[in-house]
Amino acid sequence: MRVYIGIDPGPSTGIVVLIVRDDTWQWAAFQVNGEAAFWLIECIFRDYGPRVVAIEEFIPTSKAGTAGRDAQLTRRIAEHAYQLVLTVPGAHARKRNAGQVKPWASDHRLRKTKFPMGAKFLDARDAARHAMYAAVYDGKERDPLA
């Protein structure tokens, strides 16, 4: 069993656990408010002992939400997850921006792995993109479309 975690930090945080056994991909997906994310991340790391944790990198821009309280919360969640990975034996953290991950980690690839594509599950879906990318590129798992 190989475990990958994906995190899309923010006021609404997406967190996924991807378990890969042979060619079977199993998902546990969460979408929580930012303040609950700290606790959930700790529980997931403790219970699953991930191989790789893929965190969406916060990129400040002139768009709404990249300054102020929401931006601070997003940075805190990302940094909390990154620092916590250092306490998990054998785990590695990867920070990547959405622009690097999203073109490859398409909805088609997610559906192929049977990710639960709920209409209001957008942050969890983005976290899944990061977990799937990390599984293939860092963990050397087989591409779901191969």
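Go through the range 92-115 and give me each residue that's crowded, with 18+ Cβ neighbours inside 10 Å and either touching a Lys or Arg at 6+ places or on another chain (Cβ under 9 Å) or part of a loop (DSSP other than H, G, I, E, B) (or both).
Scanning the range 92-115 gives VAL101, ALA105, ARG109, LEU110, THR113, PHE115.
Taking the options LYS120, LYS102, LYS95, name whichever one is modelled with pLDDT under 95, of a type outside the set (A, V, I, L, M, F, W, C) and more than 20 Å from MET1 (Cβ to Cβ).
Going through LYS120, LYS102, LYS95 in turn, just one is modelled with pLDDT under 95, of a type outside the set (A, V, I, L, M, F, W, C) and more than 20 Å from MET1 (Cβ to Cβ): LYS120.
Would it be correct to say that PRO89 is touching a Phe, Trp or Tyr at 6+ places or on another chain (Cβ under 9 Å) and in a loop (DSSP other than H, G, I, E, B)?
No.
Where in the range 1-66 are there strands (runs of 3 or more DSSP E), lying fully within it, with 3 or more residues that are over 18 Å from PRO144 (Cα atoms) and not aliphatic (A, V, I, L, M)? Outline the logic, then answer.
On the way: elements: 2-8, 12-21, 24-33, 52-56.
Result: 12-21, 24-33.
Looking at the range 1-42, which of its residues are surrounded by 24 or more Cβ atoms within 10 Å (Cβ to Cβ) and not polar (S, T, N, Q)?
Those that are surrounded by 24 or more Cβ atoms within 10 Å (Cβ to Cβ) and not polar (S, T, N, Q): TYR4, ILE5, GLY6, ILE7, ASP8, PRO9, GLY14, ILE15, VAL16, LEU18, ALA37, ILE41.
Every residue in the range 17-58 that is within 13 Å of GLU141 (Cα to Cα), charged (D, E, K, R) and more than 14 Å from the chain's Cα centre (by Cα), please.
Residues satisfying the conditions are ARG21, ASP22, ASP23.
The values are calculated or read from the model by the stated rules, or taken from the named source; none is laboratory data. A quick note: this is a predicted structure, and the numbers were derived from the prediction, not measured. Positions of Cβ are generated from backbone atoms using ideal geometry, with glycine treated the same way; all protein chains shown enter the neighbour counts.
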